[in-house]
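A quick write-up on the structure given underneath.
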Amino acid sequence: MNPAWVIRTGRLLLSPVGWHDLSDLRALKGDPLVFGQMLGGVRSPGRVAEELAQEVAFWPTHGVGMWLVRDAPGQATLGLTGVHERTDGRGMALRFAFRPETRGHGLAREAAGAALRFAHDQAGMRRVVAVARDSNISSRVLLGAIGMRPCGTFERDGHPMLVFESVATRPPAGAWR
């Protein structure tokens, strides 16, 4: 793991996912209260391992990816956030999923905001999207709070979905991706 990919915020430690995180990821992605509304829903243990292989390989190619989010002082696993390419062609997308007991404390906002800034400032991504169900008010509020704006809609499995975007206004020290 590249140490430059680790993010520390005021309360959180975001570390790129790795094979040592497999049991934590199985617990998160297998929990319907955490992953029930995510694209693809709750994951089987085998599917989590397949996704982890893809997520580990994604980092060196794109300079960004998925982070496991931990409580900085106690190192307890709180959730997952990061940027990954959407399979529907909408682009590089911010994702986040947190344990229910962490909700309402601004932790997902803090982590997702840090991931979005990293994508723009460190990975050089000009545009990052995010998708939320129209009915998922918490996610919509979070995305707005970190500066993402609605830019489109579509329907998935009978649910209206909103597309948000963040477009950086000035390039970082390198070229845009």
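The values are calculated or read from the model by the stated rules, or taken from the named source; none is laboratory data. Bear in mind the structure is a predicted one, so any value in this text is a computation, not a measurement. Here the Cβ is made from the backbone with ideal geometry for all residues, glycine too, and neighbour counts use every protein chain on show.
Going through region 156-177 one residue at a time, which ones are surrounded by 12 or more Cβ atoms within 10 Å (Cβ to Cβ), closer than 19 Å to S139 by Cα and either basic (K, R) or modelled with pLDDT under 95 (or both)?
H159, M161
Please find, within region 64-83, the residue that is surrounded by the fewest Cβ atoms within 10 Å (Cβ to Cβ) out of those that are of a type outside the set (A, V, I, L, M, F, W, C) and in contact with a helix residue (DSSP H, G or I) (Cβ under 8 Å, 6 or more places away or on another chain). First the steps, then the outcome.
Of the residues in region 64-83, the ones of a type outside the set (A, V, I, L, M, F, W, C) are 65, 70-71, 73-75, 77, 79, 81-82.
Next cut, in contact with a helix residue (DSSP H, G or I) (Cβ under 8 Å, 6 or more places away or on another chain) only: 65, 77, 79, 81-82.
On the way: G65: 24, T77: 18, G79: 22, T81: 26, G82: 26.
My answer is T77.
Pick from region 112-142 the residues that are closer than 21 Å to V34 by Cα and of a type in the set (S, T, N, Q): which of them is farthest from the chain's Cα centre (by Cα)? I'd like the intermediate steps shown before the answer.
Restricting attention to region 112-142, the residues satisfying the condition of being closer than 21 Å to V34 by Cα are 112-116, 129-142.
When the remaining residues are screened for being of a type in the set (S, T, N, Q), the result is 135-136, 138-139.
Values: S135: 19, N136: 16, S138: 15, S139: 12 Å.
This residue is S135.
Output the number of residues of region 121-146 satisfying the condition of being in a loop (DSSP other than H, G, I, E, B), small (G, A, S) and closer than 22 Å to G63 by Cα. Show your work before the answer.
Step one: list which residues in region 121-146 are in a loop (DSSP other than H, G, I, E, B), which gives 122-126, 134-136, 146.
Adding the requirement that they be small (G, A, S) leaves 123-124, 135.
Now restrict to residues that are closer than 22 Å to G63 by Cα: 123-124.
So the count comes out to 2.
Assess whether E51 counts as being farther than 19 Å from G106 by Cβ, in contact with a strand residue (DSSP E or B) (Cβ under 8 Å, 6 or more places away or on another chain) and in contact (Cβ under 8 Å) with a residue 12 or more places away in the chain.
Taking the combined requirement at face value, the residue does not satisfy it.
Surrounded by 12 or more Cβ atoms within 10 Å (Cβ to Cβ), more than 24 Å from A4 (Cβ to Cβ) and free of Cβ contacts under 8 Å to residues at least 40 places away in the same chain, is that true of T153?
It is false that T153 is surrounded by 12 or more Cβ atoms within 10 Å (Cβ to Cβ), more than 24 Å from A4 (Cβ to Cβ) and free of Cβ contacts under 8 Å to residues at least 40 places away in the same chain.
Exactly one condition in (1) touching a helix residue (DSSP H, G or I) at 6+ places or on another chain (Cβ under 7 Å); (2) in contact (Cβ under 8 Å) with a residue 24 or more places away in the chain; (3) surrounded by 15 or more Cβ atoms within 10 Å (Cβ to Cβ); (4) within 15 Å of G79 (Cα to Cα) is not met by L22; state its number.
(3)
Taking R86 and the conditions (1) closer than 22 Å to S135 by Cα; (2) in contact with a helix residue (DSSP H, G or I) (Cβ under 8 Å, 6 or more places away or on another chain); (3) surrounded by 14 or more Cβ atoms within 10 Å (Cβ to Cβ), which numbered condition does it fall short on, given that it satisfies the others?
Condition (2) is where R86 drops out.
Using the structure shown, decide if R8 is out of contact with any Ser or Thr (no Cβ under 9 Å at 6 or more places or on another chain) and either surrounded by fewer than 19 Cβ atoms within 10 Å (Cβ to Cβ) or at pLDDT 95 or above (or both).
Yes.
Suppose we filter region 79-110 for residues that are in a loop (DSSP other than H, G, I, E, B) and either at positive phi or touching a Phe, Trp or Tyr at 6+ places or on another chain (Cβ under 9 Å) (or both); how many remain?
6
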